[in-house]
Every structure is written in structure tokens, then in C-alpha cells.
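The values are calculated or read from the model by the stated rules, or taken from the named source; none is laboratory data. Since this is a predicted model, take the numbers as computed values, not measurements. Cβ placement follows ideal geometry from the backbone for every residue including glycine, while neighbour counts extend to all protein chains displayed.
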Amino acid sequence: MTTDAAPPAPSTPATQLEPGRTPRRIPMWDTARFLAVTLVVIGHAIQRQTVGSEHALALYTFIYAFHMPAFGVISGYFSSAETPSAQRMRRTFTDIVVPYVVMQTIWTVVQAVVEGGKDLNLTKPTWTLWFLLALGIFRLILPYLAQLRFPLVWAIALSIGVGYLDNVDSTFSLGRAISLLPFFLVGWQLKQWGLFDRWYEAPRRTVVRVRVVAAVVFAAWATACLLFTPQFEQFDLHHWFFYDDSYAGLGEDAWWAGGVRLGLMVLAAALTASFLLLVPRRTVWITRFGAATMYVYLLHTFVLYPIRESGVLAGEHSAWPYVLLMVVLACAVSLFLAQPFVRRGMRWLLEPKVDWLFRRDPA
């Protein structure tokens, strides 16, 4: 099983609290979350085709350059650096720990049946589950980082520095969590700076100008992915975008390898900013699906797993028409899993009632 997963922000509500009012959902962020999780599904759907198709590899590289950082930014934007209350600490269990244990157990059984010889190991997340643990780590350390001067600088230093350490690996998703920490911090700081509060109210002329620049950035990266696919493949660039291996593990243990990561983080930041700026500010038809990203993220793997492991995507089925077919299938899967009836039917599994876990509140 490959670990080419991308993170969602499964438990990050796209809401904003106004004084004296109940939390309101912000359409732009719900739309962004659904678009981002759909990119996750597309990336997983075409991954097997990247071996035999330059078109698939180009699209895969394009997506993976920014979709994990984008989820980090979205998660950070709706995270708090305040001292966690009892309710927030309990939500860490209900939103992260319990779903992780449930899904890790299920995947262990599935892989044991299909592949054989699989033992339950909660320290090694399977496929997409790494982001649940990474999100828990982000939330845990944010109140501490927020006490420092220039927390983003410290996060960048940690991200670059961890790449030089071979002993920081996928155990509890620690390597990926530290590597992607700067994007989470960027999201949190964007909220502190109030940049998107001004973006919501920006005049149409300004919005058009900014989106033209964002579209040019996107188009430039897409062109690069198409023109330099062989060079990117030789450098194994898409594996750098996983943020889960040390520089030595990526075959680049030179002293300047940290500079490569820094450059890729700058690229990811530009693409993530362009992505968010191109998302409609008003409500559109997919906005309502933004509240269901956890279901899409955790359930789409069960749909794609048989297809990926069957070998049907190899050989001639890697040609561009089949790549396009898998993209369409991925979008359909994402839309289907975001439907209300799926949420109602699977809530018992993904959001089980676990009040029995907690001691009675003396208050």
C-alpha cells in the first residue's frame, strides 16, 4: 500500500463567530474544502496510472504541489491558540482519536484479508489516516508556538531541519506533521492578520485583478508540469511533495537539500494562495458539500482500493482517455460521498457517540 495520501481538514468547521451571534458558515471556505478533498480523490484515483502515463504524472505532480499545504492552511485558519477548554480536549478524542482508531482497525482487517500478514499497529497510520494524527499534533503544539516571537519562522526552521533527520519517520505521522507545520501556521496567522476578512469585502475590480494573477500562477505551474515531466520524474519531484521522507530517503542528502524544500514550500504557498483566491466568495452549488469533507476523505479509499489494487489501471489503461475517465470517476465519488444520506448512514461509524469515554464533569 502506498502512502500517497493527502490531507483533508476533516474536523475543521468553516465557521466564524461574531460577537453576540451564533457561528455562521463562510461559503468560500466550505467550497475550498470540498474542492481540496476532490483533488485528494483525483490524486489517489490516477496514482497507479502515473507509472505508464506522462499525462497522469503531470496532473499528479500539479495536484500534489499544493493540495496538502492547502489543507494545512485551511485547518490552521479555523484553529485556536487559546488554552484548550475541556470541551475542546474532548473534541480531540471525538474528532481525531476515535475516528482514527476505528478506521485504522478496519483498514488492518481489509489489508489482512486482501494482502495477508497485516497486524494492527496504531503507531503506523494506513494510507490517508496520517492526516488525522497530523491534525492532532498541529492542535497540540499551536498554543505553545503562539507564545513565541515569529512562530512561522520557527515552523519553517523545524520543517527544513527535520528533513536532515533519518530517525523521524511516519510513526504517529510525526515526520509529515513537522514538515507541513508551516502551512498550518500560515493559516492560523492569516486569521490573526485578518487578510481574508478584507478579501470577503474587496471590490469586484480588485478581485478580478487578483484572480488574473492567480490564474497566471496556476497556468504557469500547469505548463511546467506538462513541459518538464521527464525532468520532474528523474528528480522524483512528486515524492518531495509527500513531505514524509528525509532528504537521504529522497536520494538527496547534500547540505543544500533543505534549500530545495524551502523552494518547494514557496511554490506550494504561491499555488495555495492562488487556489484560495480563485475559490468563489459567494455560495455556489458545491458549497453545501463542504461540511462533508471528513466523509469523503475517509470513505473514498474504500471505493478506490479495489480499482487500484486490481492492476486494471496498468498498461494501455494508463493512456490519457483512461486518465480522464478516472478524473471523472473521482469527481463522481467525491460528490456521492458528500451527499446527506451518506452522512446519515455512516455517522454511526465516523462520528460514534463515545460519551462513555469521559468522566462526568463536576460542573
Restricting segment 162-198 to residues that are hydroxyl-bearing (Ser, Thr, Tyr) and touching a Phe, Trp or Tyr at 6+ places or on another chain (Cβ under 8 Å), the one modelled with the lowest pLDDT turns out to be Ser170
If we keep only residues of segment 130-186 that are of a type in the set (Lys, Arg) and not in a loop (DSSP other than H, G, I, E, B), then the residue surrounded by the most Cβ atoms within 10 Å (Cβ to Cβ) is Arg176
Picking from Tyr295, Tyr305, the residue that is out of contact with any Cys (no Cβ under 8 Å at 6 or more places or on another chain), in contact (Cβ under 8 Å) with a residue 12 or more places away in the chain and farther than 24 Å from Glu115 by Cβ would be Tyr295
Cβ pairs under 9 Å, 6+ apart or interchain, first in segment 220-248 and farther than 16 Å from Gly163 by Cβ and modelled with pLDDT of 95 or more, second outside any loop (DSSP other than H, G, I, E, B) and of a type in the set (Lys, Arg), ordered by first then second residue, are none
Per the filter on segment 44-54, residues surrounded by 23 or more Cβ atoms within 10 Å (Cβ to Cβ) and either touching a Lys or Arg at 6+ places or on another chain (Cβ under 9 Å) or farther than 14 Å from Ser318 by Cα (or both) are His44, Ala45, Arg48
If you go through Lys191, Lys124, the only one that is of a type in the set (Lys, Arg), touching a residue at least 24 places away in the same chain (Cβ under 8 Å) and out of contact with any helix residue (DSSP H, G or I) (no Cβ under 6 Å at 6 or more places or on another chain) is Lys124
Only one of (1) more than 27 Å from Ile156 (Cα to Cα); (2) surrounded by 12 or more Cβ atoms within 10 Å (Cβ to Cβ) does not apply to Val212, and that is (2)
Conditions (1) out of contact with any helix residue (DSSP H, G or I) (no Cβ under 7 Å at 6 or more places or on another chain); (2) among the hydroxyl-bearing types (Ser, Thr, Tyr); (3) closer than 28 Å to Met28 by Cβ -> Ser310 fails only (3)
